[in-house]
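Engineer: Quick one: the structure is below, and I'll ask about it shortly.
The values are calculated or read from the model by the stated rules, or taken from the named source; none is laboratory data. Quick caveat: nothing in here was measured; it's all calculated off a predicted structure. Every residue, glycine among them, receives a Cβ derived from its backbone with ideal geometry; neighbour counts consider all protein chains shown. The area values use the complete protein model at the heavy-atom level, side chains included, leaving out ligands, DNA and RNA. Shrake-Rupley method; radii C 1.70, N 1.55, O 1.52, S 1.80 Å.
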Amino acid sequence: MDQQQYKATSSLAIAGMICGITSLVTILVINILSIVFAIVAIVLGAVAMIEIKNNNKSGSGFAITGIICGSITLLLWCLFYILIVNLLRC
C-alpha cells in the first residue's frame with residue numbers, strides 16, 4: 001500500500017487567516033481593533049509564506065486568505081477615511 005506523507009500546516013498561516021477574517025467581521029463593531037487585526041494578518045501571512053517555502057509546510061491558502069482579508073479591511077478603512085474627510089470639507 002502507498003503511504004501518503006502529510007505536510008505540517010503552518011500555524012502562522014492559520015493565525016493570519018483568523019486575524020484577517022476577524023478584521024473583516026469587526027470592521028463595523030470595533031473600529032480601531034479591526035485595523036490592528038488587519039495589520040497583524042498581513043504580517044503573519046507574509047511570514048507564513050516564507051516559512052511554508054523554506055520548511056516545506058502546507059497552508060499557503062490560509063496565508064493568502066489572511067493577507068487578502070487584511071488588505072481588504074485596510075482598503076475599506078482608507079476609502080471610509082477619504083469619504084469622511086471629503087464630506088467634512090463641504
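Engineer: Hey, can you tell me all the residues within region 1-60 that are hydroxyl-bearing (Ser, Thr, Tyr), surrounded by 20 or more Cβ atoms within 10 Å (Cβ to Cβ) and without any contact (Cβ under 8 Å) to a residue 40 or more places away in the chain?
Structural biologist: Across region 1-60, the qualifying residue is only Thr22.
Engineer: Those residues that are closer than 25 Å to Ala8 by Cα and either open to solvent by less than 70 Å² (accessible area, probe 1.4 Å) or within 8 Å of the chain's Cα centre (by Cα) (or both), I need them from region 61-76; list them, please.
Structural biologist: Gly61, Ala63, Ile64, Thr65, Gly66, Ile67, Ile68, Cys69, Gly70
Engineer: Can you tell me how many residues within region 30-60 are assigned to a loop (DSSP other than H, G, I, E, B) and more than 15 Å from Leu74 (Cα to Cα)?
Structural biologist: 3
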